[in-house]
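Visitor: Structure in C-alpha cells, see below.
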Amino acid sequence: MELYPAIDLRGGRAVRLLQGDYQRETVYGDDPVALATAFAEAGATWIHVVDLDGARTGEPVNRPVIAAIAAAVAGQARVQTGGGVRTVDDAVALAAAGVARVVMGSAAVARPSLVSEATEYVPVAVGLDHRDGELAVHGWVEGSGVRLYDVLGSYPTASAFVITNIARDGMLTGPDVEGLGTAAAASDVPIIASGGISSLDDLRALARVPGIAGAITGKAIYEHRFTVAQALAVTGR
C-alpha cells in the first residue's frame, strides 16, 4: 500500500481543515515546499497536494506552489494533486508543472467523460468525497445528489479513486475501513483511502483490505501521531 503524505494549500500555506470546513482551519506551515522535501527525504515516493482555494473557487492561485513542490521532490517523489482541476486545460497545465497525477472531483462527478479526455494527457484519479454516501462538490460545500456507489463504474480510464468520508476528515477518529472495503470490492479501480487516519494501527487495518492501494494522511503526521518513516515501515512502500 502506497503512503501519500498530504499537503493542503490555502493562500500558499500548508493547512488542515476539520471536516472540510473552511472556518475551522489550522495552519501547519508557511513553507509547503520544505514540508514536501522533508516527506521525500523521509522516504515517501508520493506527495498528495490539495489546492483548497482552487477547490472552492476554481482559481489556480496555488499552482506556482504546486510547481515548486514538484520541482523540489523531482527524482525522489511524485506529486498527485487535486482541487480545482475542472478542465482538460487544468490537467495539462498541472502536468506541465511537473505533477504526475491529477485528481478530478467536482468536474468528474458532473461530467464523467472529462476523465477520459484528461487521461490522454496525464494520469487521472477521481476524487469521490462523500457525506453519508452522497458525493460533495465545490470544496465540499455543496451536495451533488449523486451516490458514491452509483458512480464506481463510470470512470473506465481512472488510475485510482481517492475516497474521502468527509465526516472523518481531519478528525483523527479512524478511517471508514468498512465503507472503503465495500467500495474496493465493487470496483476494479484501485482505491486510495483518505480521511480519519490517526495511528499506525489504522494504516495496518487499511493495508489488510484487498483493493486499497494507498492511504493519504496529513493531520496525524502534523500532530506527531507517527512519522513518515514509521508509516512507510507499516505500509511497506
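Taken together, the values in this text are just the output of simple stated rules run on the coordinates, not laboratory data. Computed from a prediction, not measured in an experiment: that's the story for all the values here. Glycine also receives a Cβ, built like all others from the backbone with ideal geometry; neighbour counts cover every protein chain displayed.
Visitor: Long-range amide H contacts for W46: which residues qualify at under 5 Å (H placed 1.01 Å from N, peptide plane, sequence gap of 5 or more or a different chain)?
Guide: Those lying under 5 Å, H to H, from W46 are R78.
Visitor: Please give the net charge around V177, taking every other residue with its beta carbon less than 14 angstrom from that of V177, where Lys and Arg add +1 and Asp and Glu add -1.
Guide: Charge balance near V177 sits at -1.
Visitor: Using label points projected 7 Å from each Cα along Cα→Cβ, tell me how many nm separate E134 and E59, to one decimal.
Guide: Taking the two extended label points, one gets 2.9 nm.
Visitor: Could you work out the helix-only [θ] at 222 nm for the chain, with each DSSP H run of four or more residues adding -39,500 (n - 2.57) and the total divided by the number of residues, to the nearest 500 deg cm²/dmol?
Guide: Theoretical 222 nm ellipticity from helices: -8500 deg cm²/dmol.
Visitor: Another question, if that's okay. Give me the one-decimal nm value for the distance between modelled label points at D89 and A71, 7 Å along each residue's Cα-to-Cβ direction.
Guide: Label-label distance for D89 and A71, simple model: 2.3 nm.
Visitor: OK, next. Rounded to whole Å, give me the distance from the Cα center of the stretch 27-54 to that of the stretch 128-158.
Guide: So the two Cα centres are separated by 26 Å.
Visitor: As a test, work out the antiparallel percent of DSSP beta bridges whose residues both lie in the chain, rounded to the nearest 5.
Guide: Taking every DSSP beta bridge with both residues in the chain, the antiparallel ones total about 30 percent.
Visitor: Read phi for every residue in the stretch 51-66 and hand back ³J(HN,Hα) as whole Hz from Karplus 6.51 cos²θ - 1.76 cosθ + 1.60, θ = phi - 60°, with x for Gly and Pro.
Guide: Running phi through 6.51 cos²θ - 1.76 cosθ + 1.60 with θ = phi - 60° gives 8, 5, 5, x, 4, 7, 10, x, 8, x, 5, 9, 4, x, 5, 4 Hz.
Visitor: Sticking with this one: As a footprinting exposure proxy, order M1, M104 by other Cβ within 10 Å, with the fewest listed first.
Guide: Ascending number of Cβ neighbours within 10 Å: M1, M104.
Visitor: Next up: In debye, nearest 20, what is the charge dipole magnitude of the chain about its Cα centre with +1 on Lys and Arg Cβ and -1 on Asp and Glu Cβ, if you could check?
Guide: Details: 18 positive and 26 negative charges, 63 e Å.
The calculated dipole for the chain is roughly 300 debye.
Visitor: Same structure again: Report the one residue of A136, L17, V73 whose Cα lies farthest in the direction of the positive end of the charge dipole of the chain (charges on C-beta: Lys and Arg +1, Asp and Glu -1; origin at the Cα centre).
Guide: Highest projection toward the positive end goes to V73.
Visitor: Let me ask something else. Using a Gaussian network model of the chain whose springs link C-alpha atoms within less than 10 Å, name the residue from T157, T26, T81 with the highest mean-square fluctuation.
Guide: Of the options given, T26 has the highest mean-square fluctuation.
Visitor: Provide the per-residue ³J(HN,Hα) series for the stretch 4-11, in order, calculated from phi with Karplus coefficients 6.51, -1.76, 1.60 and θ = phi - 60°, each as a whole number of Hz, with x at glycine and proline positions.
Guide: Running phi through 6.51 cos²θ - 1.76 cosθ + 1.60 with θ = phi - 60° gives 10, x, 10, 10, 9, 9, 9, x Hz.
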